[in-house]
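For reference, the structure is listed below as C-alpha cells.
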C-alpha cells in the first residue's frame, strides 16, 4: 500500500487530496511524515483516520458467519468521533457498496439491512429494516439505511464506529423478484461490470458521487 497514491484511499476526495499535497503528501507512505496531532489540527476530521491507514491499521473487515452464512457485515472505526452528517452518509454508502459487491459475487440477495453505530462512550445502537423484495443493489438499500442512521443521530451523540449488516438471504434463481417499475436486470448487469473493473484494477477506480468527500 505504501507506494499507492493518496487518491486510492476511500474518503480521500479532491479537496482532501489538495490539502494533503500542500504538505507534500502524495503517496500513502508520505502520511507517516506527520503525527496524530498534525492530522487533528491541520487536516481535520475527514482525513485524520488516514494515519491509521498508513500504518495498516483499521477494522475495515468483511465478516461472514457460518457456512450457510446468516449475515454479511462491514464496519469502520473512525480516527475521531464525529457528527458530520455528510461524512457519515458517505461512509454509509461505501459500506453498503462493499457488502453488495460481495453479495453479487456469491449470487446472493438480501432483504434486511441493519445499521449499527458505536457512540463516543462505546455504547452501541442498531436498527434494522426489512423490505418487500430481495436485492443486491446499493440503491435499493441506501434510502432506508439513511433513515435508520438519522434516527440514531437524533440524540446528537458523536459516533466512533459505523457498520452495516445484511441478512435474510436467497441465492440463485430463488432471488429473482423483479420490480415492474424498474429495469433491475440492467442495473445488476451494470454493477457486475463495475465489480469486474474494480477487481481487475483497483476498487476506487470507479467511485460514485455519494462516496466523495467534497
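Some values worked out for this structure:
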read-out	value
Matching residues, the range 86-95, being more than 19 Å from residue 124 (Cβ to Cβ) and in contact with a helix residue (DSSP H, G or I) (Cβ under 7 Å, 6 or more places away or on another chain)	89, 90, 93, 94
Verdict on residue 161 being assigned by TED's automatic domain parsing to the domain that holds residue 77 and touching a residue at least 40 places away in the same chain (Cβ under 8 Å)	yes
Set 21, 33, 14, 85: member being exposed (fewer than 14 other Cβ atoms within 10 Å of the Cβ), modelled with pLDDT of 65 or more and either closer than 22 Å to residue 114 by Cβ or in the same structural domain as residue 116 (by TED's automatic domain parsing) (or both)	85
Considering residues of the range 137-150 that are without any contact (Cβ under 8 Å) to a residue 60 or more places away in the chain and closer than 17 Å to residue 82 by Cβ only, the residue surrounded by the most Cβ atoms within 10 Å (Cβ to Cβ)	146
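The values are calculated or read from the model by the stated rules, or taken from the named source; none is laboratory data. Here the structure is a predicted model, which is why all the values come from computation and not from measurement. Note that we place each Cβ from the backbone using ideal geometry, even for glycine, and neighbour counts take in every protein chain shown.
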